[in-house]
Amino acid sequence: MNRHLQLALSVLLAIGGFALLLALVAYKASQTGTTTPAESHPFGPAGAWIAYVLLRGYGFAAVLVPVVAIGWAVGLWRDRDLSDPSKRIAGAIILLPVLAGLLHLLPRGVGDWLLTRWDQGNLEGLGGAIGFWLCAPVNGWASPGSDGGFLRQWLDTAGAAVLLAGLGVFALWLMDLGLVAWTRRLWYLATTRRAGSVGSGSAVFPSGVYQAPGDPVANKARATTSFRELQKRLTDHGELPGPNDADEILAAIRKQREALDAPPEVVAQAQPVEQAPVTSDQRPATSDQRPATSDQRPATSDQPPAASDQQPATSDQPPAVSSEPEPAKPATKPKPKPKPAIASDYALPSPDLLQSPKERSHAAHEQEKQQTSKAIEAAFAAFNVEVSVVGAMRGPTVTQYELKLLDESMRVNKVEGFEQDLSLKLGTEGIRIVAPLPNRTTIGVEVPNRTKDPVVMRDLVDEIDPNVMALPVVLGRDVIGRPLILDLAKAPHLLVAGATGMGKSVTMNAMICSILLFRRPDEVRFIMVDPKMVELSGYEDIPHLLTPPITDMTKAHAALDWACQTMDERYEALRLSGCRSIADYNALGEVELRFRLAKKEVQLEDLGSGAHMPYIVVLVDEYADLMMVNKEVEKSIVRLAAKSRACGIHVILTTQRPSADVVTGLIKSNLPSRVCFRVVDRNNSRVVLDSSGAENLLGKGDMLFLQPGTSLPVRGQGVFLKDAEITAIVEHARSQGKPSYDESIAKAGAVAMQGGGRDSGEESSDAWKLDRKFHEAVQAMYRYDKTGADFFRRKLGVGYNKATEYVETLEDLGFLSGAAGTASRKILKSWDDWIDLLKANGVEMGEEDDLYRPPFNT
């Protein structure tokens, strides 16, 4: 049921229930006009007659009707488990006459004032007409000589009471009110309080475990991890106030575990203490540092908490040490965390900057699963394909149903063609059939959920172990709710494709922020290419950047060339140091690195990489637009994708036009990790994933993820990161320091603007003097009276970059006019001016060299 419709129904039931309850309370017999003088009812004649019918039929038991309505409204409002409503309603219907009969079994004289108020003295009980028919007294005062009610005639009073009580218990079981759980909780509270009152030296810890301070064995014993015991303990502390489902229990258990894992406060001792010097290992952690992982939890104290009058030690002071040293227990050493070679004062942002997910109850989804399972079986049966749904796993966006073929002779490829038919039968889009499921003997059918749950980043961050993943990248969750987290260092490159508005930019922001949450600027640096000019502009001035976000596409190729040069330099450093990867290189340390380089008579200062290599992540937000401006960038991208993994340079490309001319075979072969959102047609899906399916996705983060080393994509829902969360992470990074840009990238960008590609602008301004290819371009320009980069490419067989360089150099020398839209450039000087320029610059021209002879007859 839709949540908004559920809330509206809850309000209507609550209003109707309270109105009916007030109508029953305010009812008098004189309000129906049967007596004189007649009185008015607060809800008018309609309210009076409704109350009369209910009270006349069921007596005081009629109060059960508004109570059930109000209880149902509360359950809908709190999103409780109200599955199988027909069984619950049947239980309430059975309970109504049962309660009326039990009220009629009460001793005479009970509630006589109500019978007088309702003018029901002739019924001789509070159960109304139904109760009178079931359990009327034998030879009553209102009907002397009668044989009594139906049940009293056959079972007498005791038998009728037992039968009605049994029926009442059966009705309560059908209503499923959770009375057994409440009874167990009350019993647990009573027993624990009674046990707590025994003994004066017992201590109660937040976990609900009772321990004696003087009993070392009890202190060492670990609390039970029984599921029922945990549920009872959580209920005792108010974590589970009412009926609950598995999701609520697990959420409460997580909170309780976090409370158990929190380090206890160090309390000051009463005896004199000596201040011990604070070492680097004893320095208390600041709030900016990440909390310890499960492998690095601080050892808890074996003593109970001190009294409240003792002041705990603050985090700015070292822990107090007793003057009489006591033999300490040998503590297990935590796993050593690999430390970077370069020390840094950068504090990683806290995951608390991210918004926590809202707790939701998914118990109502069981009915949806059952209905969809029956619809799937019926849809296949219409095509004479006998299947049985053997399982269903719900994810944030879709639910995966496992189907088993009952006919063993049925071919699997026949089942794959029923996607459109299932969409028609179920009335939804985005259905995908996986035949068969990996490592299983069943077929998977992915059906979109009616109510979709957003995937937030806060709970996914808790799944990341920064000691295992070098570059953790959060993508989202798969169809059964498992985290999709990728280590970019092992990917080693990523291609993200999809139509406009399908979630590419949101996914890229999530990947950047996930890296910023776990890595410092000395561990990873970014080169961002942003043709849209607005998607990555929010990351300006963060210390992780090697250069400001590049929005000029003429500078993007120079930055990629710089990355290729850096890759070559790093591989040379790896070769000289005898390492095979960046991880091995960074683990050496400066002393060991100098020792290895000294064997080959090389100094550390001669290496451009230094003693520590940070990872470099190259992000291109719209690769198709970059290809339209300069197709030569494909060579740099292919080189980086093919070779840069071992030296720590990784590429992330996004494109909204995944056609074959953009995502070429060389790009696909070197980018094994691919994420595809919804695309226009199946051809684009095959270009990215080598299979169809992406054209049937739902959009808004619904994606297919092709993991490296696999051929079958995994469906998932991309993580959603709000602008406020991105801003909080970016502002924290900016507050830690300013970026230190690499000037060589900026110089390369300036040269690219002038048409060069060398180390400095001065060299590029004089390079034309000795470039015979450039001289050939000038001669061809005068011979054919044509200009432009395309002309030079055809005549000279050079690349686009070199041809553009020739055009811009001629413009700088004054031989060509400036660009004027799509119009061709004009030649401003003659051939004689060209020869005079060469002579003025000291260019040697042989008399027999045809290159300097006039290209035309004059």
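The values are calculated or read from the model by the stated rules, or taken from the named source; none is laboratory data. Keep in mind that what you see is a predicted model, and the values were worked out from it rather than measured. Glycine also receives a Cβ, built like all others from the backbone with ideal geometry; neighbour counts cover every protein chain displayed. For accessibility, only protein heavy atoms count, side chains too; no ligands or nucleic acids. Shrake-Rupley method; radii C 1.70, N 1.55, O 1.52, S 1.80 Å.
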Quiz prompt | A694, sole failed condition from (1) surrounded by fewer than 22 Cβ atoms within 10 Å (Cβ to Cβ); (2) within 23 Å of the chain's Cα centre (by Cα) | solution = (1)
Self-check item: Residue tally, condition modelled with pLDDT of 85 or more and surrounded by fewer than 16 Cβ atoms within 10 Å (Cβ to Cβ), over the stretch 738-754
Solution: 3
Quiz item: Going through the stretch 508-539 one residue at a time, which ones are free of Cβ contacts under 8 Å to residues at least 60 places away in the same chain and either touching a Lys or Arg at 6+ places or on another chain (Cβ under 9 Å) or crowded, with 19+ Cβ neighbours inside 10 Å (or both)?
Solution: S514
Quiz item: Any idea which residue in the stretch 630-684 is farthest from T507 (Cα to Cα), counting only those that are in contact with an Asp or Glu (Cβ under 6 Å, 6 or more places away or on another chain) and modelled with pLDDT of 90 or more?
Solution: V679
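On the basis of being small (G, A, S) and open to solvent by 30 Å² or more (accessible area, probe 1.4 Å), does S409 make the cut?
Details: small (G, A, S): yes; open to solvent by 30 Å² or more (accessible area, probe 1.4 Å): yes.
Yes.
Yes/no matrix, rows are residues, columns are (1) at pLDDT below 85; (2) open to solvent by 20 Å² or more (accessible area, probe 1.4 Å); (3) outside any helix (DSSP H, G or I); (4) in contact with a strand residue (DSSP E or B) (Cβ under 7 Å, 6 or more places away or on another chain):
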residue: T547; (1), (2), (3), (4): no, no, yes, yes
residue: Y585; (1), (2), (3), (4): no, no, no, no
residue: E592; (1), (2), (3), (4): no, yes, no, no
residue: V602; (1), (2), (3), (4): yes, yes, yes, no
residue: S609; (1), (2), (3), (4): yes, yes, yes, no
residue: M613; (1), (2), (3), (4): no, no, yes, no
residue: I616; (1), (2), (3), (4): no, no, yes, yes
residue: L626; (1), (2), (3), (4): yes, no, no, yes
Quiz prompt | Which listed residue is within 22 Å of T554 (Cα to Cα) and free of Cβ contacts under 8 Å to residues at least 60 places away in the same chain, from Y806, Y784 | solution = Y806
Quiz prompt | Tally of residues being closer than 25 Å to L698 by Cβ and over 19 Å from the mean Cα position of the chain (by Cα) across the stretch 492-516 | solution = 5
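Just checking, how many residues over the stretch 64-84 are open to solvent by less than 50 Å² (accessible area, probe 1.4 Å) and either assigned to a helix (DSSP H, G or I) or without any contact (Cβ under 8 Å) to a residue 24 or more places away in the chain (or both)? Full working, then the answer.
Of the residues in the stretch 64-84, the ones open to solvent by less than 50 Å² (accessible area, probe 1.4 Å) are 64, 66, 68-71, 73, 75-76, 79-80, 82-83.
If we keep only those that are either assigned to a helix (DSSP H, G or I) or without any contact (Cβ under 8 Å) to a residue 24 or more places away in the chain (or both) as well, we get 64, 66, 68-71, 73, 75-76.
Selection size over the stretch 64-84: 9.
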Exercise. Quick one: in the stretch 459-496, of everything that is touching a residue at least 40 places away in the same chain (Cβ under 8 Å) and of a type in the set (D, E, K, R), which residue is least open to solvent (accessible area, probe 1.4 Å)?
Key: D478
Quiz item: So which residues in the stretch 819-847 are closer than 14 Å to W768 by Cβ and either modelled with pLDDT under 85 or in contact with a Leu (Cβ under 6 Å, 6 or more places away or on another chain) (or both), if there are any at all?
Solution: A840, N841, G842, V843
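Does V663 meet the test of being open to solvent by 10 Å² or more (accessible area, probe 1.4 Å) and not in a strand (DSSP E or B)?
Spelling it out, it is not the case that V663 is open to solvent by 10 Å² or more (accessible area, probe 1.4 Å) and not in a strand (DSSP E or B).
Take T804 and decide whether it is at pLDDT 85 or above, touching a Leu at 6+ places or on another chain (Cβ under 8 Å) and hydroxyl-bearing (S, T, Y).
On the way: at pLDDT 85 or above: yes; touching a Leu at 6+ places or on another chain (Cβ under 8 Å): no; hydroxyl-bearing (S, T, Y): yes.
Answer is no for this residue.
So which residues in the stretch 101-110 are buried (at least 17 other Cβ atoms within 10 Å of the Cβ) and either among the β-branched types (V, I, T) or touching a Leu at 6+ places or on another chain (Cβ under 7 Å) (or both), if there are any at all? Before the answer, list the steps.
To start, the set of residues in the stretch 101-110 that are buried (at least 17 other Cβ atoms within 10 Å of the Cβ) comprises 101-105.
Hits for the stretch 101-110 are G101, L102, L103, H104.
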Quiz prompt | Hits in the stretch 393-434 - residues which are more than 19 Å from D702 (Cα to Cα) and among the small types (G, A, S) | solution = S409, G417
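For the stretch 400-410, check the following and say yes or no: at least one residue is modelled with pLDDT under 85, touching a Leu at 6+ places or on another chain (Cβ under 9 Å), more than 27 Å from G476 (Cα to Cα) and not basic (K, R).
Going residue by residue through the stretch 400-410, those that are modelled with pLDDT under 85 are 407-410.
After this cut, where a residue has to be touching a Leu at 6+ places or on another chain (Cβ under 9 Å) as well, the list is none.
No: zero hits.
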Quiz item: Tally time: how many residues in the stretch 101-124 are over 27 Å from G166 (Cα atoms), of a type outside the set (A, V, I, L, M), in a helix (DSSP H, G or I) and touching a residue at least 12 places away in the same chain (Cβ under 8 Å)?
Solution: 4
Exercise. May I ask you to list the residues in the stretch 550-578 that are open to solvent by less than 20 Å² (accessible area, probe 1.4 Å) and outside any helix (DSSP H, G or I)?
Key: I550
Self-check item: Unmet criterion (only one of (1) among the aromatic types (F, W, Y); (2) more than 27 Å from Q6 (Cβ to Cβ); (3) not in a helix (DSSP H, G or I)) for F380
Solution: (3)
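Name the residues in the stretch 388-397 that are in contact with a Leu (Cβ under 8 Å, 6 or more places away or on another chain) and either part of a strand (DSSP E or B) or modelled with pLDDT under 85 (or both), would you?
First pass over the stretch 388-397, keeping only residues in contact with a Leu (Cβ under 8 Å, 6 or more places away or on another chain): 388-390, 397.
Once the filter is applied, which keeps residues that are in contact with a Leu (Cβ under 8 Å, 6 or more places away or on another chain) and either part of a strand (DSSP E or B) or modelled with pLDDT under 85 (or both), the stretch 388-397 yields S388, V389, V390.
Just to verify a result, which residue in the stretch 412-458, among those that are acidic (D, E) and out of contact with any Leu (no Cβ under 9 Å at 6 or more places or on another chain), is surrounded by the fewest Cβ atoms within 10 Å (Cβ to Cβ)?
Keep residues of the stretch 412-458 that are acidic (D, E), which gives 416, 419, 421, 429, 446, 453.
With the extra rule that they be out of contact with any Leu (no Cβ under 9 Å at 6 or more places or on another chain), the set shrinks to 416, 419, 421, 446, 453.
Numbers: E416: 12, E419: 19, D421: 14, E446: 22, D453: 18.
Ranking the qualifying residues of the stretch 412-458, first place goes to E416.
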Exercise. Any chance you could count how many residues in the stretch 780-802 are closer than 21 Å to S830 by Cα and either under 50 Å from the mean Cα position of the chain (by Cα) or buried (at least 20 other Cβ atoms within 10 Å of the Cβ) (or both)?
Key: 4
